[in-house]
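So the structure is just underneath, and the comments pick up after that.
The values are calculated or read from the model by the stated rules, or taken from the named source; none is laboratory data. Everything quoted here is computed from the prediction, not taken from an experiment. In this analysis, Cβ positions are derived from the backbone assuming ideal geometry, glycine residues included, and neighbour counts consider all displayed protein chains.
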Amino acid sequence: MGTPCENACTKLFNCAVIDQPMDLCPGLDEDSRMAFIEGCIPTCADNPALRPIVEQQDDCTQLVNTLKGLSPAFADSCTDEGGMGGAGGGPGAPTEEEIQAIFNANCNGCHIGGESGELSLAAPFTADTVGVPSSQANLNRIEPGDRDASYLFLKITGRHLEAGGSGGRMPLGGAPLAEEEIEAIGQYIDSLE
Ligand code: HEC
């Protein structure tokens, strides 16, 4: 998960890449901007413009509030739906409702009623997933706090066979979920305790 500084920088970096970095953060000098774009994690603590921000702020809520003073547009991009949640369940982590919507749209033609894979993703999807053993592998479907140990996450990223699972990548027979949807599910799982 990294230090708060790394987490904060990951969040900033993701936001900056997603939302046209050049138009955001007018309070930052050009070198700082490039540090975002080229990977701010190794450099953030040494970056002159970022240092005071990351040193004084050790969680993403405060960080975003500080950024609002510099650039409201940038800060908003961190909290909008397209923004990245902070590691460890920061305020930007996707909500259960957002994840339910992804399942409803992509999975629940098959996963209502628990006939496919003995799994129901009907609302609330948490009932049949969080801490519930998979019927295909020796893992829980959702392991709170750990996407890579969550069989459901492995099923949507096509890594389920490596974990001793079976069957196809989900959605079965369809295109993979969009990258943002997969990342949202991963962040949601990582944010659970
Ligand atoms: C076209 C029907 C269909 C769709 C759409 C579909 N699934 Fe499945 N799913 C199945 C079937 C059938 C199985 C059991 C066979 C297999 O795994 O290939 C299964 C198995 C699973 C399992 C394993 C269950 C267990 O006990 O561990 C998971 C997890 C899963 N699906 C998640 C999803 C998710 C998440 C989505 C949406 C992103 C999705 N599925 C979309 C049909 C579907």
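Among residues belonging to the range 111-134 that are within 8 Å of the ligand (Cβ to nearest atom) and in a helix (DSSP H, G or I), point out the one that is farthest from Gly173 (Cα to Cα). Among residues in the range 111-134 that are within 8 Å of the ligand (Cβ to nearest atom) and in a helix (DSSP H, G or I), the one farthest from Gly173 (Cα to Cα) is Glu118. In summary, Asp146 fulfils each of the numbered conditions (1) touching a helix residue (DSSP H, G or I) at 6+ places or on another chain (Cβ under 8 Å); (2) modelled with pLDDT of 95 or more; (3) closer than 23 Å to Leu192 by Cβ; (4) near the ligand (Cβ under 8 Å from one of its atoms) with the single exception of condition (4). Picking from residues in the range 176-185 that are within 13 Å of Cys107 (Cβ to Cβ) and over 9 Å from the mean Cα position of the chain (by Cα), the one that is nearest to the ligand (Cβ to nearest atom) is Leu177. Cβ-Cβ contacts under 7 Å between residues 6 or more apart (or on different chains), taken from a first residue in the range 165-193 that is in contact (Cβ under 8 Å) with a residue 60 or more places away in the chain and closer than 21 Å to Ser120 by Cβ to a second residue that is in a helix (DSSP H, G or I) and not hydrophobic (A, V, I, L, M, F, W, C), are listed as Met170/Lys155; Pro171/Asn106; Leu177/Asn106; Ala184/Glu98.
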